[in-house]
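In what follows, a structure is listed as structure tokens, so that the remarks can point back to it.
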Amino acid sequence: MKIYLYSFFLLNFTLTFAQTSVEVQLKNLDFKNVDAQIAIAPETEIVEGKVSYIFEVLQEVDSFFLDAQNMEFSEVKVNGNPVETSVNDTAIWIKETLEISNENQLSLNYKASPKQAMYFINWEYPDDGEIRKQVWTQGQGKKSSHWLPVIDNQNEKAIFNLDIDFNRDYKVLANGELILKENIEDSRSCWQFEMEDPMSSYLLAIAAGDFQQENRESASGIALELYMDKKDSAYFEPTYRHSVAIFDFLEEEIGVAYPWQNYKQVPVQDFLYSGMENTGATIFSRLMLTDSIGYKDRNYISVNAHELAHQWFGNLVTQKSPKHHWLHEGFATYYALLAEREIFGDDHYYWKLYQSAEKLKELSDTGKGEALAKTGGSSLTYYQKGAWALHVLRERIGDENFNKAVKDYLELYAFQNVETADFITEAERVSGQDLSEFVANWLNQTAFQGAEALNSLRKSKFITDYLELAGLRETGLADKADFLKVALNFPVNDYIGQEVVFQLEGHTSQEAIKLYKKAFESGNPFVRQAIALSMDEIPQELKAEYESLLEDESWLTREAALTNLWMQFPNENVKYLEKTKDQQGFSDKNLRILGLTLNLATPAFQPEKQDNIYKELSGYTAAHNPFEIRENAFGYLYQINAFSDQNLKDLMQGTRHHTTRFRDYCRQLLSELLKTPQYRERFQRLKGSLPENQQDFLDLKLQQL
Ligand SMILES: [Zn+2]
């Protein structure tokens, strides 16, 4: 669909009518359909659109509004007639008296320059074949009304049909089914997506980029579309491993058919979170990408299952208010755990529950415990305490009742909004049990029910064995050596084997060496990783075994082993660097960047290449790189005190980055550098060449010294 450029003008009426709150408007109007034709110009970061809204009037109104952040409007009409409007920084108000009626239409043209919620990655750089040019959105916590005028309230659900006009060299995806892609003017195409069922606006999604696409199908026949930037295609299979199995498992386990037409997943550069469960279109962080070697260390399985579970818990049934946020996050975390249990086994399931129980207990013991059904809770509460509550509830009412309660709850409230009591009512009705004690202890109580959790965990023999072993931490090695030896017998349990190794830390007796040898020989990658991570000094008797860690199927193990070996055996540095020289490591290049740094500090290795090596290392801080790579490069350049002026400019750019984690990292590093007169002077000298907002930030930091 072609979108013409309209001449936009700001409608500057003074407010002559009473403004209603969103709560009142939700009672007065019900938006049914939003049909939007949107043209995205990533180079100028401008979005222009033509939107038609179909809505029902439930109570007579004399005005109504849409959320719209810093937008310009033209051609605003209600039921075909031009109307008086008022626009401010956050909304457009439409003055029109409307009686109770079914099919009303609002139509408008708009123009926006989104400062958040839609992100334009790398369009300012020439296409050198290496950088990822992408556009992606994030609605939750950011307001979709930065790029589309909508009611930004979870209680307003509508069917959204997006037609997106974009450069045809790229691939575009959004919520719903792609019913048509047609070439339009110049080099542009229009992708037309249609939805069948309503959702809240925070779940709107668009992603565009140079994506590779592979299609799969679930056992139930749902189309699963897997995307990935072509530059990252080496990560495709290991990242999406088990995706179909996870989908089939959750659909079966939840007992309610997947509610949407299809399911797409796409990783993007510099995403704000691990993942976001937009309806039928999960967007996730490039950080989640993994190859086969890194798969055991980090993988996408948990986030994959979590975002998919939200398609029911959050997207199909949506919280009425933030007080009931655990109905989204607790359920998504719990069902992801069940999917992980299916893939990695019972021990993994109980281990993750045990770890979260430890954290929750610590929070609770320090008086910081939070009730679950509460506004403004921490992630730990909504996610982990929420999952724990469901685990406990299932034990209490039994598998069959639990499954039926969940199924009935989802079916009863499908495409509606819910609160905690709605779920509890179903659980009580199905089980015939009074759950008021459960509600008091697990949903409303701030303290974590540690004793009950421990009793539940002890149903796992593995946890019982683990706790017995952990109870020996303070026992002298001689008194527990036989016990530790037995714990390392084949087939060693991942977590128990790791615990044995951690208890050996700092020991160098013959007894300890023998146990270490046994741990090495176990061949268990997690047990061997524990050695790499915990052994500070490598005894001569274990040197050969330790060197073999450089070949383990784990980037984390290799990184730790290379660092330790390089530090302790300087005479053999060349050998170690030779062995690891062409390895990249995780998608954040952890091993490559470590290798380059060590290479610079080892003049005997590749002396003729030192310039190129510095150039490569230093180049990784550049703004077009994914932030996880930049962060690693900044970290190592700091350690060897080798920042170029360009690195310092890149750091300043990072202090204004949209990703909180990376922005905070850069700000902290900047503060650290500014403590020294040498860097203060260098930053002062560079200041004039920085963009204005970076200059202001630098001034602020300098004043704070
Ligand atoms: Zn979530």
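The values are calculated or read from the model by the stated rules, or taken from the named source; none is laboratory data. Bear in mind the structure is a predicted one, so any value in this text is a computation, not a measurement. Every residue, glycine as well, gets a Cβ built from its backbone with ideal geometry; the counts of neighbours run over all protein chains shown. When the accessible area is computed, the model is the full protein with side chains, heavy atoms only, and any ligands, DNA or RNA have been set aside. Shrake-Rupley method; radii C 1.70, N 1.55, O 1.52, S 1.80 Å.
When Asp552, Asp588, Asp582 are checked against the criterion of being acidic (Asp, Glu) and open to solvent by 40 Å² or more (accessible area, probe 1.4 Å), a single residue qualifies: Asp582. Of all residues in the stretch 651-672, those being assigned to a helix (DSSP H, G or I) and open to solvent by 10 Å² or more (accessible area, probe 1.4 Å) number 11.
Here the condition is being at pLDDT below 95, hydrophobic (A, V, I, L, M, F, W, C) and either surrounded by fewer than 19 Cβ atoms within 10 Å (Cβ to Cβ) or within 22 Å of Gln355 (Cβ to Cβ) (or both); of Phe526, Phe483, Phe490, it holds for Phe490 alone. Suppose we keep only residues that are of a type in the set (S, T, N, Q) and away from the ligand (no atom under 16 Å from the Cβ) within the stretch 285-313. Which one would you say is farthest from Leu26 (Cα to Cα)? Among those that are of a type in the set (S, T, N, Q) and away from the ligand (no atom under 16 Å from the Cβ), it is Ser292. Working only within the stretch 276-309, note down all residues that are open to solvent by 10 Å² or more (accessible area, probe 1.4 Å) and not in a helix (DSSP H, G or I). Answer for the stretch 276-309, where residues must be open to solvent by 10 Å² or more (accessible area, probe 1.4 Å) and not in a helix (DSSP H, G or I): Asp291, Ser292, Ile293, Tyr295, Lys296, Asp297, Arg298, Asn299. Listed conditions (1) more than 30 Å from Ser321 (Cβ to Cβ); (2) open to solvent by 10 Å² or more (accessible area, probe 1.4 Å); (3) in a strand (DSSP E or B) are all met by Asn109, apart from (2). Taken over the stretch 591-618, the criterion of being charged (D, E, K, R) and surrounded by fewer than 20 Cβ atoms within 10 Å (Cβ to Cβ) is satisfied by Glu608, Lys609, Asp611, Lys615, Glu616.
Looking only at the stretch 112-130, residues that are within 30 Å of Glu616 (Cα to Cα), touching a strand residue (DSSP E or B) at 6+ places or on another chain (Cβ under 9 Å) and assigned to a loop (DSSP other than H, G, I, E, B) come to 2 in all.
Considering (1) open to solvent by 10 Å² or more (accessible area, probe 1.4 Å); (2) within 13 Å of the ligand (Cβ to nearest atom); (3) not in a loop (DSSP other than H, G, I, E, B), the lone condition that Tyr273 does not fulfil carries the number (3).
Considering only the stretch 354-371, I want to know if a residue exists there that is under 17 Å from the mean Cα position of the chain (by Cα), of a type in the set (Gly, Ala, Ser) and more than 13 Å from the ligand (Cβ to nearest atom). So far as the stretch 354-371 goes, no, none of its residues is under 17 Å from the mean Cα position of the chain (by Cα), of a type in the set (Gly, Ala, Ser) and more than 13 Å from the ligand (Cβ to nearest atom). Can you pull out every residue in the stretch 680-697 that is touching a residue at least 24 places away in the same chain (Cβ under 8 Å) and either touching a helix residue (DSSP H, G or I) at 6+ places or on another chain (Cβ under 6 Å) or closer than 15 Å to Ser644 by Cα (or both)? Within the stretch 680-697, Arg680, Arg682, Phe683, Leu686, Ser689, Leu690, Gln694 meet the criteria.
Scan the stretch 128-146 and give yes if some residue there is under 24 Å from Ser86 (Cα atoms) and touching a helix residue (DSSP H, G or I) at 6+ places or on another chain (Cβ under 6 Å), otherwise no. Yes, some residue in the stretch 128-146 is under 24 Å from Ser86 (Cα atoms) and touching a helix residue (DSSP H, G or I) at 6+ places or on another chain (Cβ under 6 Å). When residues in the stretch 372-405 are screened for being touching a Phe, Trp or Tyr at 6+ places or on another chain (Cβ under 8 Å), farther than 15 Å from Val439 by Cα and away from the ligand (no atom under 16 Å from the Cβ), 1 of them pass. Of all the listed residues (Ile613, Ile629), the sole one being touching an Asp or Glu at 6+ places or on another chain (Cβ under 8 Å), among the β-branched types (Val, Ile, Thr), assigned to a helix (DSSP H, G or I) and at pLDDT 95 or above is Ile629.
If you go through the stretch 314-326 one residue at a time, do you hit one that is buried (at least 24 other Cβ atoms within 10 Å of the Cβ), part of a helix (DSSP H, G or I) and within 11 Å of the ligand (Cβ to nearest atom)? Yes: one or more hits.
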